[in-house]
Structure formats: structure tokens, C-alpha cells
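Since the structure comes first, as C-alpha cells, the remarks are kept for the end.
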């Protein structure tokens, strides 16, 4: 009876996982955002705000038998039409200690960890398949006939356990990155205003620095009056 090698069919699934993992590393298109210098006049900062503010968003909803079970924002649409898919692209236009800045770093950290775990997942899955195929065909019995190799199959089982653990870490960090990304998008407009010193009242935009300057002048006047001698 003709014996066929099991290596080719066994390697198909992990090879596909590895290919998908590699293609996913490309990621969505990146946005290039810039804000004016901190010393820029109000007109420049106001134009930057109109250009960088979120003008809309594209939301996706996951359905199960027609019932929403999850979803989120696919991308932000800015005032100049740019689309922002990654929270990290917002970093250049917000302050590092702002809410958005903190969520951006959190999202980037979890995305990086998920990427490492995904490669371990794919690599251990491939190793498991190779060891399993080798174990099925790599041993001999007492009469010299082909037989499974116990050591190879044991190693394949170990690699499978590693792949399962790595897959759990991958999905955990992807979920955390998704949550941090959503929080960065939600807090972005307020963080952008703080970064540009822009205040908004309804549809009116004005310079927050005017209030600060007025407050500083008032405080200075009060201090000057307090230091004046009282005439008898």
C-alpha cells in the first residue's frame, strides 16, 4: 500500500496563520498631523483647530442574529478630511500628559505586545505542526518498520501549549489596545483644545489665553493695590 507524507497537509493551516500574521503587520494607512508652534498667534491656532478637530467618525457594529453585540469607531474624520485609524497618529498634536496622550501610549504598548505574542503564536503553531508530522513518520518499531516517535509527539504537544498561551496573550492585548484606542478618540477633541489653547462656546471659538492674560492683569492689579501704603 502506498504511504503518503502527512507533512504537506499538516503544514497548510499554520502556514496560513503565519501569512496572515505577517500581512497584518502592515497595518492601516497612517495620518500625518502637525500643530503650529506654541507661540503661534490665535488666528493660526484657530485654523489648526478647524483643520485637526474631529468632524465625524466611521463606526462599525458587530451583529449576532441581527442583535448588536459589539463594535467601535473604525476611524476618525478630521476637519481637513484626513482619516485617523491609529491612536498613535494623534500624538503629535496633543500634550503628552493629556488624556489622549496617555491613552495613545497605552494603545501603542498593547499593540506592540500583541504583535510579539502573535508571532510567538504563529511560530509555535508551525513548530507544532512540523514536530507532529515528523513524529508520525520519524520513529520505528522493534522490527524496523515506520512508527510514531514519542519524543517528537511530546515536543509537538509542548509547542501546541505554547501556541495556545500565546494566542490568549494576543487577544488580551488586542482587546486592551482597542479599548485604549477608543478612549483616545473620545478624549481627542478636548485634548486638542488644551494643546492649542482654544476655547469653544457653542459655535464660537476664542483664545483661552485672553482669559489667562486678563486674570493675570487682575491679579497683578490687586497685588499692586495691596502693597500701596494706607494714608492716615
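The values are calculated or read from the model by the stated rules, or taken from the named source; none is laboratory data. Since the structure is predicted, the reported quantities are computational estimates derived from the model, not experimental observations. So basically every Cβ, Gly included, is an ideal-geometry build from the backbone, and we count neighbours across all protein chains shown.
Things worth noting here:
- Candidates 211, 201, filtered to the one that is touching a strand residue (DSSP E or B) at 6+ places or on another chain (Cβ under 9 Å), more than 30 Å from residue 106 (Cα to Cα), modelled with pLDDT under 90 and outside the structural domain of residue 101 (by TED's automatic domain parsing): 211
- Residue within the stretch 45-55 that is more than 30 Å from residue 130 (Cβ to Cβ), in a strand (DSSP E or B), at pLDDT 55 or above and assigned by TED's automatic domain parsing to the domain that holds residue 160 present: yes
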